[in-house]
Amino acid sequence: VYSYEVINTWPHDDEAYTQGLVFHDGTLFESTGLYGSSSLRRVELKTGKVKKKVELAREYFAEGMTILGDKVFQLTWHAQKGFVYDLKKLKRESEFSYEGQGWGLTHDNHSLIMSDGTNRIRFLDPASFQVQRTISVYENGQPLTELNELEFIKGEIYANIWKTDRIVRIDPTTGKIIAWIDMTGLHHQGEERAKENCLNGIAYDAESDRLFVTGKRWPKVFEIRLVRK
């Protein structure tokens, strides 16, 4: 089990219902949810300023998002539909379908890695979107469900657990739990917050080995360092 140390904080739009977070080429990319206010954004890390915003139609509740190659892939919650955008212009190019709900999304340079609210994680071909394989995650013999926003970091899958202050680290080959990160106290530090405004958003800067986290409608993005308990 790990705890954390805060290294830096930056402003974050406290109206952004964060569903997906990626750090790419010096910039944050964010997928925000809720019907009527779902979006894909390019955000300046240091100021929190939204540099580009693509709004989704009102019938879509945006979910996880990842960047692979020169494409941005974004899930929706109940519509069983995902969208593909050109990374440079954030212009939507195509869409794809999948069974079940869309929750978190990341990749391992080969496959899209997707969670769906259950304890299953699917690996999808990024061209055909066909399921290549599936892993299942268990904690003490019980299915670990509500695996939410995902990030692939140093060969592991990091996943928020919805409505909790815990991040789980998962072996992508076996589904076994490698470690837990206890994020208790990060956001509110004495403040009250609505239950749904939970920790959700993990981004990794591989070049500088920096780990960022935020949450739904949080006013800050935090750079953290993991500390073993």
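The values are calculated or read from the model by the stated rules, or taken from the named source; none is laboratory data. Every value quoted in this text rests on a predicted model; they were computed, and no experiment measured them. Positions of Cβ are backbone-derived with ideal geometry, glycine not excepted, and every protein chain shown enters the neighbour counts. Ligands, DNA and RNA are excluded from the accessible area calculation, which covers all protein heavy atoms including side chains. Shrake-Rupley method; radii C 1.70, N 1.55, O 1.52, S 1.80 Å.
When the residues of segment 19-29 are filtered to those that are part of a strand (DSSP E or B) and surrounded by fewer than 20 Cβ atoms within 10 Å (Cβ to Cβ), the one that is farthest from the chain's Cα centre (by Cα) is THR27. A single entry from ASP14, ASP25 fulfils the requirement of being charged (D, E, K, R) and either in contact (Cβ under 8 Å) with a residue 24 or more places away in the chain or under 16 Å from LYS91 (Cα atoms) (or both): ASP14.
Out of the residues in segment 85-98 meeting the condition of being in contact (Cβ under 8 Å) with a residue 12 or more places away in the chain and outside any strand (DSSP E or B), tell me which one is surrounded by the most Cβ atoms within 10 Å (Cβ to Cβ). This residue is TYR98. The numbered conditions (1) without any contact (Cβ under 8 Å) to a residue 40 or more places away in the chain; (2) in contact with an Asp or Glu (Cβ under 7 Å, 6 or more places away or on another chain); (3) not small (Gly, Ala, Ser) are all true for TYR158 except (1). Residues GLY201, GLY190: which one is buried (at least 21 other Cβ atoms within 10 Å of the Cβ) and either at pLDDT 95 or above or of a type in the set (Gly, Ala, Ser) (or both)? It is GLY201.
Flag: PHE222 does not match the condition of being open to solvent by 20 Å² or more (accessible area, probe 1.4 Å) and of a type in the set (Phe, Trp, Tyr). Would a scan of segment 136-153 turn up a residue that is of a type in the set (Phe, Trp, Tyr), in contact with an Asp or Glu (Cβ under 9 Å, 6 or more places away or on another chain) and either modelled with pLDDT of 95 or more or more than 25 Å from VAL221 (Cα to Cα) (or both)? Among the residues of segment 136-153, at least one is of a type in the set (Phe, Trp, Tyr), in contact with an Asp or Glu (Cβ under 9 Å, 6 or more places away or on another chain) and either modelled with pLDDT of 95 or more or more than 25 Å from VAL221 (Cα to Cα) (or both), which makes the answer yes.
Of all residues being of a type outside the set (A, V, I, L, M) and closer than 19 Å to ASP70 by Cα in segment 99-122, which is surrounded by the most Cβ atoms within 10 Å (Cβ to Cβ)? Just the residue, please. Walk me through how you get there before you give the answer.
Narrowing segment 99-122 to residues of a type outside the set (A, V, I, L, M): 99-104, 106-111, 115-120, 122.
Within this subset, residues satisfying the condition of being closer than 19 Å to ASP70 by Cα are 106-111.
Numbers: THR106: 29, HIS107: 21, ASP108: 14, ASN109: 8, HIS110: 11, SER111: 19.
Across segment 99-122, the extreme among qualifying residues is THR106.
Per the conditions (1) crowded, with 22+ Cβ neighbours inside 10 Å; (2) over 22 Å from ASN148 (Cβ atoms), the sole criterion not satisfied by VAL50 is (1).
Would you mind stating whether GLN132 is in contact with a Phe, Trp or Tyr (Cβ under 6 Å, 6 or more places away or on another chain), polar (S, T, N, Q) and open to solvent by 60 Å² or more (accessible area, probe 1.4 Å)?
Here the answer is yes, as GLN132 does meet what is asked.
Confirm whether ASP209 is of a type outside the set (Lys, Arg), open to solvent by 70 Å² or more (accessible area, probe 1.4 Å) and modelled with pLDDT of 95 or more. Yes; evaluated as a whole, the condition is true for this residue.
Do you know which residues across segment 41-70 are touching a strand residue (DSSP E or B) at 6+ places or on another chain (Cβ under 8 Å) and assigned to a loop (DSSP other than H, G, I, E, B)?
Of the residues in segment 41-70, the ones touching a strand residue (DSSP E or B) at 6+ places or on another chain (Cβ under 8 Å) are 41-56, 60-68, 70.
If the condition is that a residue be touching a strand residue (DSSP E or B) at 6+ places or on another chain (Cβ under 8 Å) and assigned to a loop (DSSP other than H, G, I, E, B), then GLU44, LEU45, LYS46, THR47, GLY48, LYS49, LEU56, TYR60, PHE61, ASP70 are the ones that fit.
If you go through segment 53-76 and keep only what is open to solvent by 80 Å² or more (accessible area, probe 1.4 Å) and touching a Leu at 6+ places or on another chain (Cβ under 6 Å), you end up with just ASP70.
So which of ALA16, ALA79 ends up being open to solvent by less than 20 Å² (accessible area, probe 1.4 Å), aliphatic (A, V, I, L, M) and outside any strand (DSSP E or B)? I'd like the intermediate steps shown before the answer.
Working: ALA79 fails: open to solvent by less than 20 Å² (accessible area, probe 1.4 Å).
After ruling out the rest, the residue left standing is ALA16.
Do we have any residue at all in segment 34-47 that's on the phi > 0 side of the Ramachandran plot and either surrounded by fewer than 22 Cβ atoms within 10 Å (Cβ to Cβ) or modelled with pLDDT of 95 or more (or both)? Scanning segment 34-47 turns up at least one residue that is on the phi > 0 side of the Ramachandran plot and either surrounded by fewer than 22 Cβ atoms within 10 Å (Cβ to Cβ) or modelled with pLDDT of 95 or more (or both).
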